[in-house]
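The values are calculated or read from the model by the stated rules, or taken from the named source; none is laboratory data. Worth saying up front: this structure is predicted, and the values here are computed from it rather than measured. Please note: Cβ atoms are built from the backbone with ideal geometry, for glycine as well, and neighbour counts cover all protein chains shown.
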Amino acid sequence: MAHCVVEAAEAILDKSFPVLDKGFVRLVDYLGSDQRIVQSARVSYGEGTKTYRQDKGLINYLMRNDHTSPFEQVVFTFHVKAPIFVARQWVRHRTARMNEISGRYSVMKDETYLPDPSWIALQSEDNKQGRKSEPVDEVVAEKVRSILSADSQKTFDSYQELLDMGIAREIARINLPLSTYTEFYWEIDLHNLFHFLALRLDGHAQAEIRAYAEVMFEMVKTVCPIAAEAFVNHRLNAKKFSAEEIEAVRAMVDGKELPLEGRAKEIFLEKLGR
């Protein structure tokens, strides 16, 4: 197989794309492209054996039918700067390689995340792990930001005081807040990256990690535009139906009453956008 070089991707390598107030994502390296996916699927040699249209058709076929191994041939390496609470959500995706800065070896920078007023909202009443879509008013938002900022500053002042006393870094860091920015390198193949993006681009994902996913997906589009389009069509904007829901679809087509009740019916109609 020939080495895959994507000129558009080369142009963004090592460039920092800002996320949140102090974070960023950098594409450090990539291995493969759309071409590598089709080469792997056909176990072919060299380039030019198929047309763009045929390549696009094959990639869509692979995505639609969950033939995942060709997508694993493409690998991305990112350098990410994110608040610790975002990084802790990130590491739940265990199908990647991660190396993070250590507070035992390095002095942590006095950098903490402070949410934009438009992102501060009350607890959702129907989503136990999320916030309402409507932000609080300006007065409340500024009070929240003031509390968060004051607490973070006090904690970092204490952290610096402990360091000045000669206390070990691994002890001094203990009370640092989850809003502290950390940095890590993250290497992952395209199949598992698509799984990450499917979860983290979803509207139910926390807004902060969703912001990182959006920037990363733009980078994926640059390296693998055909695969990214297939992902949107067959995964991100697609819906999966249970056996009961398929029967409900048949009932709708035939003009019959839905064979679903209660919450099952609500979920089905939500999938249909009704």
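Worth pointing out:
- Residues within region 52-78 that are small (G, A, S) and in contact (Cβ under 8 Å) with a residue 24 or more places away in the chain, tallied: 1
- Strands (runs of 3 or more DSSP E) wholly inside region 119-235 that include at least 2 residues being touching a strand residue (DSSP E or B) at 6+ places or on another chain (Cβ under 7 Å) and closer than 30 Å to D34 by Cβ: 181-189
- When restricted to residues that are within 21 Å of the chain's Cα centre (by Cα) and modelled with pLDDT of 95 or more, region 120-138 contains 1.
- Entry remark, region 208-247: residues being basic (K, R) and closer than 26 Å to V19 by Cα number 3 in total.
- Qualifying position, being farther than 24 Å from K128 by Cα, surrounded by fewer than 17 Cβ atoms within 10 Å (Cβ to Cβ), modelled with pLDDT under 95 and not assigned by TED's automatic domain parsing to the domain that holds A87, among E261, E244, E170, E270: E244
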